[in-house]
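Since the structure comes first, as structure tokens, the remarks are kept for the end.
The values are calculated or read from the model by the stated rules, or taken from the named source; none is laboratory data. Given the structure is predicted, the values throughout are model-derived calculations rather than measurements. Every residue, glycine as well, gets a Cβ built from its backbone with ideal geometry; the counts of neighbours run over all protein chains shown.
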Amino acid sequence: MPHDTNATTPQATGHSPLATSYSLPGLLEVITGPMFSGKSEELIRRLKRARIARQRVACYKPDIDLRYHRTSIASHSSQTHDACPVTNVEHLREDLYPQLADVEVVGIDEVQFLSPEIIPLALELVALGKRVLMAGLDTTFANEPFGPVPALMALADKVTKLSAVCMVCGQSAIHTQRLGASQELVVVGATGIYEARCRAHFKPWVDEHGSEQLELAAAL
Ligand SMILES: [Zn+2]
């Protein structure tokens, strides 16, 4: 078989032992860590790189994230990227699937607030050849695994676990400390209510009314 340098079809590359006759699966990448660790910034960086590479990007975030902009994701360092706010996983699916043929990269920020239905959806998108980037907290303020994030980490091709800086001692911080005993629902990204803390300086936040974060995640 003559070597064809312009070969693009799987059949034309059939001489390679690694060649496949089916479309390649995509990738699941999870970016996690405590608040103030730069998760959104890293997600935005990867999405911008994809756009520079002329890949078409769709970006979502749960509607609960009222930080800075309603229709974009924002990092604490003021980087932003357009994002469609969705009320739940079904809403995300309804928005994404009609345009799926035109989308190569799917980004989701604050994924910890979505229900576990996001897990099969992520795997479905990967099976369809999409690159799926998800950013979210790995643990709650009570130091429990947060929503679907632990399972997504287990199923991912690539996990990036970022650390922040402990606001007490300056060491590497893996925890999000909730300050005070506010009865408010989760206020995403609100400085003054949360701090990054190292293991030595983290005290799990105790919610007298049960784990409202998990109840909230289940509701979405
Ligand atoms: Zn510390």
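Tabulated results
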| read-out | value |
| --- | --- |
| Filtered residue count, the range 142-185, keeping only those that are within 16 Å of the ligand (Cβ to nearest atom) and assigned to a loop (DSSP other than H, G, I, E, B) | 10 |
| Test: residue in the range 50-63 that is surrounded by fewer than 20 Cβ atoms within 10 Å (Cβ to Cβ), modelled with pLDDT under 95, more than 12 Å from the chain's Cα centre (by Cα) and under 18 Å from V149 (Cα atoms) | yes |
| Inter-residue pairs, beta-carbon under 6 Å, first modelled with pLDDT of 95 or more and in the range 165-182, second more than 10 Å from the ligand (Cβ to nearest atom) and among the polar types (S, T, N, Q), 6+ apart | S172/S163; A173/S163; I174/S163 |
| Index of the failed condition, D4 passing every other in (1) charged (D, E, K, R); (2) assigned to a loop (DSSP other than H, G, I, E, B); (3) at pLDDT 95 or above | (3) |
| Candidate set from the range 14-35 (those that are in a loop (DSSP other than H, G, I, E, B) and modelled with pLDDT of 90 or more); member that is nearest to C198 (Cα to Cα) | P34 |
| Positions within the range 88-132 being free of Cβ contacts under 8 Å to residues at least 12 places away in the same chain and under 18 Å from A151 (Cβ atoms), in sequence order | P120, E124 |
| Per-region count, the range 101-122, residues assigned to a helix (DSSP H, G or I) and either among the charged types (D, E, K, R) or surrounded by fewer than 15 Cβ atoms within 10 Å (Cβ to Cβ) (or both) | 3 |
| Hits in the range 123-138 (condition: under 16 Å from L47 (Cβ atoms) and in a helix (DSSP H, G or I)) | L125 |
| Conditions (1) surrounded by fewer than 20 Cβ atoms within 10 Å (Cβ to Cβ); (2) part of a loop (DSSP other than H, G, I, E, B); number of the one not met by L96 | (2) |
